[in-house]
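Chemist: Quick one: the structure is below, and I'll ask about it shortly.
The values are calculated or read from the model by the stated rules, or taken from the named source; none is laboratory data. Fair warning: this is a prediction, and the values are worked out from it, not measured in the lab. No Cβ is skipped: glycine too gets one built from the backbone with ideal geometry, and neighbour counts run over all protein chains shown.
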Amino acid sequence: MAKVLCVLYDDPTDGYPTSYARDDVPVIESYPGGQTAPSPSAIDFRPGALLGSVSGELGLRNFLESQGHTLVVTSSKEGDDSVLDRELPDTDIVISQPFWPAYLTAERIAKAPHLKLAITAGIGSDHVDLDAAIAAGVTVAEVTYSNSISVAEHVVMMTLGLVRNYIPSYQIVTDGGWNIADAVSRSYDVEGLHVGTVAAGRIGLAVLRRLAPFDMKLHYTDRHRLPESVERELNLTFHPDTASMVPHCDVVTINAPLHPETEGLFDDKLLATMKRGTYLINTARAKIVDRDAVVRALESGQLAGYAGDVWYPQPAPADHPWRSMPHHGMTPHISGSSLSAQTRYAAGTREILESWFARTPIRDEYLIVDGGRLAGAGAHSYSAKS
Ligand code: NDP
């Protein structure tokens with residue numbers, strides 16, 4: 001029987017919800033491109049319920065305990081005395097979410113000799129040291145596509161929010177003011193602006209598709225080129241790399257995984273090659289940009305705005321400079337954890353567990369590391385150090 005350790009974010013400050021703003025969420029059966037949504041044998045939760053926080057338990061307790069497994073759920077993940085660190089030595093399976101990542105460092109993996117499976121309930125397994133997982137024979141899986149469209153919607157919202165100067169304008173209203181000039185002196189239309197995505201995978205392409213009807217000019221770079229038919233359909237301009245793309249853009253959106261090739265990509269040097277007044281949106285991973293270079297670029301006006309939902313570390317400390325830098329539209333890490341997304345990634349987590357316990361293959365598109373090497377989706381999108 002397995003011991004499953006699930007690290008989730010805290011419940012709402014006023015307690016676990018007893019009712020919700022809406023009564024249902026739409027059923028999504030498949031994603032663009034045809035991949036089917038998670039299909040576990042059953043679910044023990046109500047779609048649309050808060051599943052990603054500690055009391056939500058990803059809806060897994062009945063399923064696991066009815067089969068004799070042990071489930072420990074905690075939000076305590078920092079410091080040697082955290083519940084995560086205390087429970088790791090006899091844990092078989094760790095489940096975590098990028099929004100509240102249980103950083104599975106090489107040291108922690110070394111402290112967990114029974115660990116065989118690390119599941120990301122969501123997308124993005126960079127909080128797991130993939131090289132250490134490969135070396136230790138730990139399988140890493142994530143619920144590919146479960147929240148890609150959720151993130152793409154957040155990117156569109158942030159693009160419109162920054163360019164149209166929504167947040168400061170809203171603030172004027174809540175402050176009781178009405179100075180139109182204050183609101184509009186930084187407000188533009190997105191129509192006609194050039195937007196470029198760093199990576200056109202599931203999220204990047206979904207962002208481009210959603211921005212096309214706004215009559216923006218669309219650019220992308222990626223390690224693999226999109227089919228010609230897609231390029232033609234969306235009138236895309238391909239650039240061989242990020243450096244050659246960004247000088248052409250008014251808005252840049254980052255949708256690549258964090259790995260050695262992308263870490264620190266947006267530094268002072270790259271930011272200086274962008275048009276003055278570019279907006280930068282990063283919902284991928286914080287470490288793809290140089291934290292302080294972004295602050296400097298906003299202060300100098302090189303960037304007109306920065307928005308996103310990814311920080312390092314998470315949770316971000318109270319004095320993180322991105323909380324107080326000018327012209328930002330940051331949120332906590334929420335874009336991929338809407339109640340709609342939680343329904344899918346909780347079901348996907350259960351699907352992965354069902355496959356694992358039944359010793360049947362985990363869907364290839366969910367695998368990041370398996371059998372001592374990058375596998376499935378991981379082999380496509382990540383790079384190992386060795
Ligand atoms: P996909 O795997 O569908 O797409 C990633 C794309 O990035 C692939 O097309 C890959 O290229 C490309 N890529 C990898 N390295 C580079 C590089 N150096 N330069 C250019 N392109 C590169 O992933 P998703 O679109 O679903 O997710 C992307 C990332 O978004 C995740 O890795 C995660 O970090 C983040 N994310 C954030 C969430 C949030 O809540 N904020 C939620 C979900 C994801 P190729 O296929 O050609 O190898």
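Chemist: Just to be sure before I move on: is L280 farther than 27 Å from G122 by Cβ and touching a Phe, Trp or Tyr at 6+ places or on another chain (Cβ under 7 Å) in the structure I sent?
Modeler: no
Chemist: Now, a different point. Looking at segment 181-192, is at least one residue within 25 Å of A256 (Cα to Cα) and within 16 Å of the ligand (Cβ to nearest atom)?
Modeler: No, the conditions are met nowhere in segment 181-192.
Chemist: Give the residues of segment 235-273 that are of a type in the set (A, V, I, L, M), within 15 Å of the ligand (Cβ to nearest atom) and assigned to a helix (DSSP H, G or I), sorted by residue number.
Modeler: Listed by number, the residues that qualify are A243, M245, V246, L270.
Chemist: Please go through segment 77-102 and give me each residue that is without any contact (Cβ under 8 Å) to a residue 40 or more places away in the chain and either aromatic (F, W, Y) or part of a loop (DSSP other than H, G, I, E, B) (or both), ordered by number.
Modeler: Those that are without any contact (Cβ under 8 Å) to a residue 40 or more places away in the chain and either aromatic (F, W, Y) or part of a loop (DSSP other than H, G, I, E, B) (or both): E78, G79, D80, D81, S82.
Chemist: Just to be sure I understand, how many residues within segment 253-273 are at pLDDT below 95, out of contact with any Phe, Trp or Tyr (no Cβ under 8 Å at 6 or more places or on another chain) and over 20 Å from M330 (Cβ atoms)?
Modeler: Matching residues across segment 253-273 total 2.
Chemist: Okay, next question. For a quick check of your reading of the model, give me the residue pairs whose first member lies in segment 143-159 and is more than 27 Å from I352 (Cα to Cα), whose second is near the ligand (Cβ under 7 Å from one of its atoms), with beta-carbon atoms closer than 8 Å and at least 6 apart or on different chains.
Modeler: V155/I203; V155/N255; V155/T283; V155/S335; M158/T283
Chemist: Test each condition in (1) under 16 Å from Q342 (Cα atoms); (2) surrounded by fewer than 17 Cβ atoms within 10 Å (Cβ to Cβ); (3) more than 21 Å from the chain's Cα centre (by Cα) for I28 and report the one that comes out false.
Modeler: (3)
Chemist: Of the residues P47, P17, P40, only one is closer than 21 Å to L339 by Cβ, touching a residue at least 60 places away in the same chain (Cβ under 8 Å), in a loop (DSSP other than H, G, I, E, B) and more than 21 Å from the chain's Cα centre (by Cα); which?
Modeler: Sole residue among the options that is closer than 21 Å to L339 by Cβ, touching a residue at least 60 places away in the same chain (Cβ under 8 Å), in a loop (DSSP other than H, G, I, E, B) and more than 21 Å from the chain's Cα centre (by Cα): P40.
Chemist: Could you check, for segment 74-86, whether at least one of its residues is in contact with a strand residue (DSSP E or B) (Cβ under 7 Å, 6 or more places away or on another chain), surrounded by fewer than 22 Cβ atoms within 10 Å (Cβ to Cβ) and among the polar types (S, T, N, Q)?
Modeler: Yes.
Chemist: Still on this structure, I have one more. Mind listing whichever residues of segment 268-291 are in contact (Cβ under 8 Å) with a residue 12 or more places away in the chain and more than 21 Å from the chain's Cα centre (by Cα)?
Modeler: D268, L270, L271, A272, T273, M274, K275, R276, G277, T278
Chemist: Next question, about the same structure. Consider V173 carefully, then state whether it is more than 16 Å from the ligand (Cβ to nearest atom) and surrounded by fewer than 15 Cβ atoms within 10 Å (Cβ to Cβ).
Modeler: Yes; evaluated as a whole, the condition is true for this residue.
Chemist: Could you list, in sequence order, the residues of segment 364-386 that are under 25 Å from V27 (Cβ atoms), of a type in the set (D, E, K, R) and either touching a residue at least 60 places away in the same chain (Cβ under 8 Å) or crowded, with 21+ Cβ neighbours inside 10 Å (or both)?
Modeler: E365
Chemist: With a cut-off of at least 3 residues that are within 15 Å of the ligand (Cβ to nearest atom) and at pLDDT 95 or above, name the helices (runs of 4 or more DSSP H) lying wholly within segment 274-386.
Modeler: Hits in segment 274-386: 339-358.
Chemist: List pairs: first residue in segment 237-248 and within 19 Å of L226 (Cα to Cα), second residue assigned to a helix (DSSP H, G or I) and among the small types (G, A, S) anywhere in the structure, Cβ distance under 7 angstrom, at least six positions apart or on different chains.
Modeler: none
Chemist: Right, another one. Does segment 165-207 hold any residues that are over 23 Å from N282 (Cβ atoms), of a type in the set (A, V, I, L, M, F, W, C) and assigned to a loop (DSSP other than H, G, I, E, B), and which are they?
Modeler: W178
Chemist: Any residue at all in segment 157-164 that's touching a Ser or Thr at 6+ places or on another chain (Cβ under 8 Å), of a type in the set (G, A, S) and more than 12 Å from the ligand (Cβ to nearest atom)?
Modeler: no
Chemist: Being surrounded by fewer than 16 Cβ atoms within 10 Å (Cβ to Cβ) and hydrophobic (A, V, I, L, M, F, W, C) is the filter here; which residues of segment 215-239 pass it?
Modeler: Selection gives V230, F238.
Chemist: For R202, are the conditions met, namely being more than 30 Å from A110 (Cα to Cα), within 11 Å of the ligand (Cβ to nearest atom) and surrounded by fewer than 16 Cβ atoms within 10 Å (Cβ to Cβ)?
Modeler: no
Chemist: Related question: Under the condition of being in a loop (DSSP other than H, G, I, E, B) and either touching an Asp or Glu at 6+ places or on another chain (Cβ under 6 Å) or of a type in the set (D, E, K, R) (or both), which residue from segment 103-136 is modelled with the lowest pLDDT?
Modeler: Within segment 103-136, the match that is modelled with the lowest pLDDT is D126.
Chemist: Going by the structure shown, is G196 farther than 19 Å from G277 by Cα, crowded, with 19+ Cβ neighbours inside 10 Å and either of a type in the set (G, A, S) or more than 16 Å from the ligand (Cβ to nearest atom) (or both)?
Modeler: No; evaluated as a whole, the condition is false for this residue.
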